[in-house]
Amino acid sequence: MYISNMITTQKVWTTMSGEKIPFDKIEHQHLSNILWYKEVLCGSDSHNDDIHFVLSLEIDIRFYGKRLPWKPLPVSGEIAAIRLVAVIIGNDIMYNGVVIGSISHIK
């Protein structure tokens with residue numbers, strides 16, 4: 001019942017710029033980035049965060065469970081925050097010994 005109510009209730013993500021996007025309309029890369037951000041910088045996962053759980057379901061349903069590598073935004077403080085909990089070698093973001101993304105798109 002609980003999961004059913006979460007899925008059928010319209011969920012909306014508010015971007016840093018204030019744009020509101022329904023969960024089922026978030027682009028694949030954006031959705032992947034949100035999940036990486038929440039996991040790496042906030043310590044959330046599907047077991048302790050309802051939003052993470054629903055966003056993970058979106059990845060599973062719409063993108064066959066394929067999460068894209070993290071491409072963090074070039075915003076003030078985000079790369080510095082990543083460096084506190086992960087390792088950046090060259091352009092690769094490594095977390096728990098695994099490459100999870102890249103900053104090669106940032107100039």
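Filtering 73, 84, 31 for residues that are surrounded by 12 or more Cβ atoms within 10 Å (Cβ to Cβ) and either modelled with pLDDT of 90 or more or of a type in the set (Ser, Thr, Tyr) (or both) leaves a single hit, 31.
Close contacts from segment 64-77, counting a first residue that is closer than 19 Å to residue 17 by Cβ and a second that is part of a loop (DSSP other than H, G, I, E, B), with Cβ to Cβ under 6 Å and a gap of 6+ residues or different chains, come to 71/105; 74/106.
With the requirement that a residue be over 17 Å from the mean Cα position of the chain (by Cα) and exposed (fewer than 11 other Cβ atoms within 10 Å of the Cβ), what does segment 87-103 give you?
89, 90, 97
Looking only at residues in segment 65-107 that are in contact with a strand residue (DSSP E or B) (Cβ under 8 Å, 6 or more places away or on another chain), part of a loop (DSSP other than H, G, I, E, B) and not basic (Lys, Arg), which one is nearest to residue 42 (Cα to Cα)? So the residue we want is 86.
Among the listed residues 39, 58, which satisfies the condition of being of a type in the set (Asp, Glu), in contact with a strand residue (DSSP E or B) (Cβ under 9 Å, 6 or more places away or on another chain) and closer than 27 Å to residue 11 by Cβ?
Working: 58 fails: in contact with a strand residue (DSSP E or B) (Cβ under 9 Å, 6 or more places away or on another chain).
Among 39, 58, only 39 is of a type in the set (Asp, Glu), in contact with a strand residue (DSSP E or B) (Cβ under 9 Å, 6 or more places away or on another chain) and closer than 27 Å to residue 11 by Cβ.
The values are calculated or read from the model by the stated rules, or taken from the named source; none is laboratory data. The model shown is predicted, which means the values in this text are computed figures rather than measured ones. In this analysis, Cβ positions are derived from the backbone assuming ideal geometry, glycine residues included, and neighbour counts consider all displayed protein chains.
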